Structures are given as structure tokens and as C-alpha cells.
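The values are calculated or read from the model by the stated rules, or taken from the named source; none is laboratory data. Because the structure is a prediction, the values reported are computed rather than measured. Here the Cβ positions follow ideal geometry from the backbone for every residue, glycine too, while neighbour counts run over all protein chains shown.
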Amino acid sequence: MPARGLLAYNKATRTGIVVARRSAMLKESRINSQIAGEGYRVTCYDDVLSTNDLVKDAIRKGEREGLVVTALTQGAGYGRTGHEWRSPLGGLYFSMLLRPEVPMEQLPTLSQLTSFAVREALGDLDASLAEAVKIKWPNDVMCQGSKLCGVSLEQSEGAVCVGVGVNVFQPLNLADRIVGGKYTPAYVSELCNWGVMPRIDVRGLSTAQGLLMEQVLVNILMRFGAAYQEWRAGGFETIRERYLENLYLLGEEVTVENLAGDFFAQGKVVNVNEKGQMVLRDAANNYYAISAGEVHLR
């Protein structure tokens, strides 16, 4: 795989100059032809430090909405709250540049919208996924208790960078199969009826794997685009019922930790309201609306 170009970069401050080479394994022209007219401009790289950083750099330069930057590996990928997102070959990592003209209080629900779109897109790939794939509030995508996808959201200079990481193929190295957190990874290729796929090779993706990776991306972008238009016009309420229908842990007793890892709430998951907040009911029949946190089954 071509090495990423690096002139000067400070990982701690996420500043510096990065020169990345275009992808030899995913074909931009083929992807863009399938989503022509949808308002996207997809740029593909094999190996970058962070697709989020490339999109945020584009925001600073005044790039218009619709830029999508993809990578097959990341050297300094990160998710919510800046936590490291391990990004081995086998996953699809991409970031979108959005400039939604919506009320400020609506913006946080963009992360729920994204996870909803990913869930719908994966269901389009294979009928078996349509029922099995669920959304873990606020924005993870799960299957049978394992994590398929994570989403991050960053506001920057009046725009939004949405980062998405999808586990498509199982990585070559055992150590790379440990993605961190309390959930083991699941892989799209092992859940779909794609037949026997070759293992990930250290040299890169096979032609068949590249085509399937492109299809995952196209499906997500198409589903996201449709849901995004609804969301801009009517907010989270436009998809809330469909989000709830596919909510992992709905009706279950859970605990909630804040972003520092400290326990602060527990109860039964009974709803997600129009603001995108998870609603818990405790043993005394009190209701609490949770805006942020990590949710775990009790």
C-alpha cells in the first residue's frame, strides 16, 4: 500500500501539513458516477492520518457542502470526544462536509440521523441485515451486540464535519480486531451473503473487495442524502419513529456514563424524544432525558 505523504504533523494538536495520495483501490470516478446529481464530491485515499482533519481543512478553505473524503486506513483517526479510532485495512472510513442551515439546537441530532442512514444502508445490502442491524443511542450501529459502525460530529467555523467508520472486512492482524470500548467489532462481510471472500491481504484489497467497499459507501451516501433533506426541513422528528423502531436496548435496563467514564444515571430505556435525547424511567417511575453519554446494558 502506498505510504501517506507527511511533511510536518503534530498528532497532539492535530496541526501541520499532510500530503495524501489518491486511492488506487477505490475508484472515485465509479463512485461519483453512481451518485451523480446527489450533491456529493467524493475523494478517495488509500492511507491518511485522518479524514476528519482533511474535511476540517477544507472547511477552513471555504469548501462548499457535499465534500466526502474516504480512506482505507488512518494513522491518527479519532471518534467522539477525540478518542482514538483504530483504522486498519478492512474498514471504510470517511468524513462529510455539511453546512446545514438549521436552528442550533437541531444540530446535535445530526449524529442520530447519520447512524439511522447507515443502518438503513446496510439493510439495503442484504435482507438478513435489515432486521439484525440496530442503532445504539446516540449514534453507534450494532449487530447482535457487536459494533459495526461509529459516528463522530464536529462543528467547525459554521460548518459540520461528520465522521463515519464502518467495519466491512475483518483485518489481517489479530491486534487490529480490538477496536477499543466495551463492544467487540462486527464485520459487514461476515453478516452478508457475499459468498466466500478472500482474506484481507497486506498488499491491499482485491478487486472484489474494492467493489463491495464502494457499494457500502454509495448505499450510505444515498440513504444519508434522502434522510438529510427530511431532517433539514423538519428536524429529527421526521425520522424519529423509524429510529425508535430500530433502537438497540429499547425497553432494557441500562446504566449511563458521562464522557469521562463516570456513572451518572440508570433506568429503563423508554424513548428518544424530538430533541434526540434518550429518555430513561427509573425504579421510582421518574423520567430523565439524557443528552450525552455512554450507554451499557445492566
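Below, the figures for the structure above:
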{"quantity": "Residue in segment 191-201 that is closer than 30 Å to Ala24 by Cβ and either crowded, with 21+ Cβ neighbours inside 10 Å or at pLDDT 95 or above (or both) present", "calculated": "yes"}
{"quantity": "Only one of Val279, Val272, Val218 that is in contact (Cβ under 8 Å) with a residue 40 or more places away in the chain, of a type in the set (Val, Ile, Thr) and not assigned by TED's automatic domain parsing to the domain that holds Gln144", "calculated": "Val272"}
{"quantity": "Matching residues, segment 145-183, being surrounded by fewer than 16 Cβ atoms within 10 Å (Cβ to Cβ) and at pLDDT 90 or above", "calculated": "Gly145, Ser146, Gln155, Ser156, Glu157, Gly158"}
{"quantity": "Residue within segment 196-207 that is touching a residue at least 24 places away in the same chain (Cβ under 8 Å), within 30 Å of Leu89 (Cα to Cα) and of a type in the set (S, T, N, Q) present", "calculated": "no"}
{"quantity": "Residue list for segment 24-59, restricted to those being among the hydrophobic types (A, V, I, L, M, F, W, C) and assigned to a helix (DSSP H, G or I)", "calculated": "Ile31, Leu54, Val55, Ala58, Ile59"}
{"quantity": "Selection from segment 158-173 of residues that are within 16 Å of Phe94 (Cα to Cα) and either touching a strand residue (DSSP E or B) at 6+ places or on another chain (Cβ under 7 Å) or not hydrophobic (A, V, I, L, M, F, W, C) (or both)", "calculated": "Val160, Cys161, Val162, Gly163, Val164, Gly165, Val166, Asn167, Val168"}
{"quantity": "Test: residue in segment 103-111 that is among the small types (Gly, Ala, Ser) and either free of Cβ contacts under 8 Å to residues at least 24 places away in the same chain or crowded, with 18+ Cβ neighbours inside 10 Å (or both)", "calculated": "yes"}
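Residue-wise test of (1) part of a loop (DSSP other than H, G, I, E, B); (2) closer than 30 Å to Arg203 by Cβ.
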residue	(1), (2)
Glu65	yes, no
Val69	no, yes
Ser95	no, yes
Glu101	yes, no
Gln106	no, no
Leu122	no, yes
Leu129	no, yes
